[in-house]
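Since every read-out is calculated from the coordinates, none of them should be taken as a lab result. Only a predicted model underlies this, so the values are computations on that prediction, with no experimental measurement involved. So basically every Cβ, Gly included, is an ideal-geometry build from the backbone, and we count neighbours across all protein chains shown.
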Amino acid sequence: MKIAVIGAKGLPPKQGGIEHYCAEVYPRMVTQGHCVDLFARSSYTESSWFNQDDFQGVRVISLPTGHLRGLDAFMSSALGAIASCGQQYDIIHFHALGPALFTWVSRLATSAKVVVSCQGLDWQRAKWGNFSSRLILMGEKASVHFAHGLIVVSKDLKAYFLQTYDRQTFYIPNAPAGYGESDPSFAYAKSLNLTPGRYILFLGRLVPEKRPDLLLEAFCELKATGWKLVFAGGISDTRSFAAKLLTTVASRRDVVFAGELRGSRLWEIVRGAGLFVLPSDVEGLPLAMLEAMREGIPVLASDILPHQQLIDSQRGMLFAAGDRISCIRSLDWAVHHPTELAVMAKNAQRYVQQYYSWDHITSETLNLYKTVMSLVVCPLSFLLCHFAFICN
């Protein structure tokens, strides 16, 4: 098969679940004899316009992007949809709901089958303004009407599309990125004055919907002697939010902002954590949490539905989303019950190893491609989809 990928920022991955997904899945497809072109953002790849790079057999094509916040994603996706029109692809795969706004281009101008992956309801994320959120919601509706196959990464999202649009979807969860070797002496962690097993880790972008502010407030009230709180992650489009967090803890020695970590330093910081906490209000399927679970790190998370799918009383702990008091109580229990946490972490590790595998995900995605390619589409179907999209 000849496959086009639209919506990812680029490869190799720097930060972001979609990019890590592409880095795991598409090279595996190439090794099985398929051809994959990924349309990327030149601002991410740091390449000249229309430059072509190779990433483990995947051709990465850098497209022009703008400099307006948020609009570069829409611009590169639109250009990707246009650029893919003359290449005779079998599959055009859009990642995320914003890029899916341009699925109609592929349906109108190509004979390729269109697939959309929904990693989460992005229009709910706080970093997007009102205009961008509306465009993303339009992308959601476009994916429902124009995609031949719609992939969701959680059972909660599957229920959402069925209840909201009466649209059947394909549930294919993500898997954690593979970790390599890290320094067993924890030299980098110790350089930050961290003691392995005695710090709480937040790993992810410092954005409002992931609620690092709630975790910070809870930790400051907890007064856990001998423990520290580590924030590891990029700032994304929310510099003012991150700056406020930094100002809040400027004088505290028990809170560390490590910034965006990659490679062996990231692996070392995760492996040294005594507790991984994800207090998000909005998630699709949190890869960072899956990575921590696979590494055998105890997990505490907010009780939103995607987290409930991963964690039960045997695999970790949940607290009431957005509830500071509930978070404090859970943190307090966790730091005083290491034996019970260790048992939960071992259960979680076995669970992830059994059910979240990139080889399995690649196989399932290829099966979906073959299924949609076998579909016989009525010539009037595009017009009917277009009419339904406009009416909604």
### Query
In whole angstrom, and with the biggest value first, how far do the Cα coordinates of region 317-366 range along each principal axis?
45, 27, 9
### Message
I'd like to know how region 1-54 sits against the 2.2 N^0.38 Å rule of thumb: what's its Cα Rg over that expected value?
### Response
1.09
### Message
Using a Gaussian network model on the chain with a 10 Å cutoff between Cα atoms, which of ALA232, ALA250, ALA345 fluctuates the most?
### Response
ALA250
### Query
For Rg and Dmax of the Cα atoms in Å, which listed value, (1) 23.4, 83; (2) 23.7, 74; (3) 21.3, 68, comes from the coordinates shown?
(3)
### Exposed-site-free run, longest, the chain (rule: chymotrypsin sites (Phe, Trp or Tyr not before Pro); DSSP loop; at most 16 other C-beta within 10 Å)
180-392
### Summary
Given unit charges at Cβ for Lys, Arg (+) and Asp, Glu (-), the dipole magnitude of region 187-355 about its Cα centre in debye, nearest 20, is 560
### Task
Report the full-extension gain for the segment THR31 to LYS155: residue separation times 0.36 nm, less the Cα-Cα distance, to one decimal in nm.
41.7 nm
### Task
Return a whole-number percent for the relative contact order of the chain, with Cα pairs under 8 Å and 6 or more residues apart as the contact set.
14
### Query
Which cross-chain or sequence-distant (5 or more) residues have an amide H under 5 Å from the amide H of ILE151, H modelled 1.01 Å from N in plane?
VAL116, SER117, CYS118, PHE170
### Query
Between GLN308 and ASN51, what length comes free when the chain is fully extended (0.36 nm per residue of separation minus the Cα-Cα distance, one decimal in nm)?
88.2 nm
### Query
In a shell of Cβ-Cβ distance under 9 Å around ILE304, excluding ILE304 itself, what net charge do Lys and Arg (+1) and Asp and Glu (-1) give?
-4
### Task
Kindly work out what percent of the DSSP beta bridges joining two residues of the chain are antiparallel, to the nearest 5.
10
### Task
Note down the relative contact order for region 78-123 as a percent, whole number, built from C-alpha pairs under 8 angstrom at least six residues apart.
44
### Task
Quick one: pull the percentage of alpha-carbon pairs in region 161-246 with a separation above 20 Å.
57
### Summary
If one builds a Gaussian network model of the chain from Cα atoms under 10 Å apart, the most fluctuating residue listed among GLN119, GLN32, GLN353 is GLN32
## Note on the structure
So the compactness index of region 100-235, its C-alpha Rg divided by 2.2 N^0.38 Å, takes the value 1.45
### Summary
Charge dipole of region 187-355 built from unit charges on the beta carbon (Lys, Arg +1; Asp, Glu -1), centred at mean Cα; most positive-end Cα among LEU206, ALA258, GLN349 is ALA258
### Query
Under unit Cβ charges (Lys, Arg +1; Asp, Glu -1), what dipole magnitude, rounded to 20 debye, does region 305-364 have relative to its Cα centre?
160
### Query
Taking other Cβ within 10 Å of each residue's Cβ, how do SER42, SER185, SER251 sort, fewest first?
SER251, SER185, SER42
### Query
Over 26 Å between Cα atoms, which of LYS158/LYS244; LYS9/LYS210; LYS155/LYS210; LYS113/LYS158; LYS9/LYS113; LYS113/LYS141 qualify?
LYS158/LYS244
### Message
Between VAL115, VAL36, VAL376, where does the largest GNM mean-square fluctuation fall for the chain, given springs only between Cα atoms within less than 10 Å?
### Response
VAL376
### Query
Nearest 10 degrees, 0 to 90: what angle lies between the long axis of helix 324-336 and the longest principal axis of the chain (Cα atoms)?
60
### Query
If we count GluC sites (Glu not before Pro) as exposed when they sit in a DSSP loop and have at most 11 other beta carbons within 10 Å, what is the longest stretch of the chain that avoids them all?
182-392
#### Entry: Histogram of C-alpha separations across region 187-355, 10 Å bin width, %
10, 43, 39, 7, 0
### Summary
Residues other than ARG329 with Cβ under 11 Å of its Cβ, Lys/Arg counted +1 and Asp/Glu -1, net out at -2
### Query
Residues with beta-carbon under 14 Å from that of ALA348, excluding ALA348: net charge, scoring Lys, Arg +1 and Asp, Glu -1?
0
### Task
Please tell me the relative contact order of region 187-355 in percent, rounded to the nearest whole number, where contacts are Cα pairs under 8 Å and at least six residues apart.
24
